[in-house]
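K.L.:
Have a look at the structure that comes next, please.
Any read-out appearing in this document is the output of simple, stated calculations on the displayed coordinates, not a laboratory observation. These figures come from a predicted structure and were not determined experimentally. Neighbour counts are summed over all protein chains in view; Cβ atoms, including those assigned to glycine, are modelled from backbone coordinates with ideal geometry.
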Amino acid sequence: MERKYRYFVSFSHNTGFANAEIRRSTPIQNIGDVVEEGRNLERNNYFPDKSIVILNFQLFE
């Protein structure tokens with residue numbers, strides 16, 4: 001599955017703020033997609049559950 005949507009994401013977490021690039025095969029279209037990406041960031045970066053809040057996202061391409 002090709003991940004053709006690249007996003008710049010700003011988020012807060014339990015000790016501060018950070019940015020990340022994420023790639024998706026489908027565009028972010030609703031709040032469920034935003035929450036899903038927050039949970040993916042938690043799992044992939046070893047943050048505690050429900051510690052990430054996505055503040056903003058911007059499509060690169």
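K.L.:
Is there a residue being more than 9 Å from the chain's Cα centre (by Cα), farther than 16 Å from Phe60 by Cβ and loosely packed, with under 11 Cβ neighbours inside 10 Å anywhere in segment 18-29?
P.N.:
yes
K.L.:
Further question: Restricted to segment 30-57, and to residues that are among the polar types (S, T, N, Q) and under 17 Å from Tyr5 (Cα atoms), which residue is surrounded by the fewest Cβ atoms within 10 Å (Cβ to Cβ)?
P.N.:
First pass over segment 30-57, keeping only residues among the polar types (S, T, N, Q): 30, 40, 44-45, 51, 56.
When the remaining residues are screened for being under 17 Å from Tyr5 (Cα atoms), the result is 30, 40, 56.
Working: Asn30: 8, Asn40: 14, Asn56: 10.
Out of the qualifying residues, it is Asn30.
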